[in-house]
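Novice: Shown below is the structure under consideration.
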Amino acid sequence: MKIVPIGRQKWKGHFTYVNELEGGTIFENEVPFEMDLIFNKNSFSGTTIDEETKGLFDRPITVNGFVEGEEISFIVMYPYNYYVTEEGKIVVDFDNDYPGCEYEGKYDTDESKFAGEWTLVIDEFKEGQFQPDYIQEFLSGNWEMRKVK
């Protein structure tokens, strides 16, 4: 079964993440997004807009990935790094590049959607002076999307 045919497509969905506000309140934030993608065989590329960062950037947010069978994998690249403060405010960091957010998931034929987990490495450092191991600090959450047209 071919899940994603070749050509231009629009997808809508959301991603979620947990945020801790000042004072220790923890909540899960759900952020809607739309993607305009062009598929060519198993690979795709395009742009996305999400409700959290809409209007913050002067350049597009890009998406590049592939579909293999029912598996999907793609990277979302914001034009600049950004973060959410403990007060819930979004701050754009124009001095640092965005590291790229990795999305992986599977197609759910019963619900006609892709769903999975996203991961964003926010820091990487070497453990100890003579250790060959690196420690990564990362954020992660869930996501899902459905084809619109």
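None of the figures in this text is laboratory data; all of them are computed from the coordinates on show. This is a predicted model, so every value here is computed, not measured. We place every Cβ from the backbone using ideal geometry, glycine too, and count neighbours over all the protein chains shown.
Novice: Among the listed pairs Lys10/Lys41; Lys10/Lys89; Lys89/Lys113; Lys12/Lys54, give every one whose C-alpha distance is greater than 25 Å.
Specialist: Lys10/Lys89; Lys89/Lys113
Novice: Could you order the peptides 60-67, 82-89 from most to least packed, using the average number of other C-beta atoms within 10 Å per residue? Spell out each step's value before the answer.
Specialist: Details: 60-67: 17.4, 82-89: 11.9.
Ranking the peptides 60-67, 82-89 by packing returns 60-67, 82-89.
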